[in-house]
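The values are calculated or read from the model by the stated rules, or taken from the named source; none is laboratory data. Values in this document were obtained by computation on a predicted structure and should not be read as measured data. Glycine gets a Cβ as well: all are built from the backbone with ideal geometry, and neighbour counts include every protein chain shown.
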Amino acid sequence: MSQIDEIDDQILQALQKDSRISNADLAEKVGLSASSCWRRVRALEETGVIEGYGVRINDAKRGLGFKAIVHVQLTRHDPEQLTAFIRAVKHREEVRACHATTGQADYHLHIACADIDAYNRFLEQFLFRIPAVASAQTNVILRSVKG
């Protein structure tokens, strides 16, 4: 798929709002036949535009009431240290997302924990024990507006 046209964009927007929408309802929403809509969705999946489908979870109802964005600066950027850091954060349940960015911090982690004590354990027993981590600055999430 070389380009996303207006109908593909409508399909993507509808699926982002409700990935469980039936193909028949999706087709009606974007003005296509069910078979044509199915082919377009399949093409979007096969070309990697649609990477997967997911579910949104209410963290507070799961007992994860503490959320933060952690800005991590690394001491070293050699490939071995970077690989070790990335491997470590990928396997931690508290880390919901990890982004390498430009700017003052090298990585930004989205964290969800039960409470401040659990977050402190995450820092002391995990993050600060990774050799490449020089420092971490925390911004506590007060409320989410979108996402």
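What to note about this one:
To keep it simple, each residue is scored yes or no on (1) surrounded by 14 or more Cβ atoms within 10 Å (Cβ to Cβ); (2) touching a residue at least 24 places away in the same chain (Cβ under 8 Å); (3) among the aromatic types (F, W, Y).
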| site | (1), (2), (3) |
| --- | --- |
| R42 | no, no, no |
| L64 | yes, yes, no |
| A68 | yes, yes, no |
| D78 | no, no, no |
| Y107 | yes, yes, yes |
| C113 | yes, yes, no |
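- Only listed residue being within 30 Å of A132 (Cβ to Cβ) and not hydroxyl-bearing (S, T, Y), chosen from I86, I50: I86
- One residue from A24, A88 being surrounded by 10 or more Cβ atoms within 10 Å (Cβ to Cβ), assigned to a helix (DSSP H, G or I) and assigned by TED's automatic domain parsing to the domain that holds R129: A88
- Qualifying positions in the range 25-82 - among the charged types (D, E, K, R) and closer than 30 Å to G103 by Cβ: E51, R56, D59, K67, R76, D78, E80
- For the range 51-78, the set of residues classified as among the aromatic types (F, W, Y) and either within 25 Å of R20 (Cα to Cα) or assigned to a loop (DSSP other than H, G, I, E, B) (or both) consists of Y53 only.
- A residue that is under 30 Å from A105 (Cβ atoms), of a type in the set (A, V, I, L, M) and modelled with pLDDT of 95 or more can be found somewhere in the range 57-66.
- Residue within the range 35-53 that is under 24 Å from V145 (Cα atoms) and in contact with a Ser or Thr (Cβ under 7 Å, 6 or more places away or on another chain) present: yes
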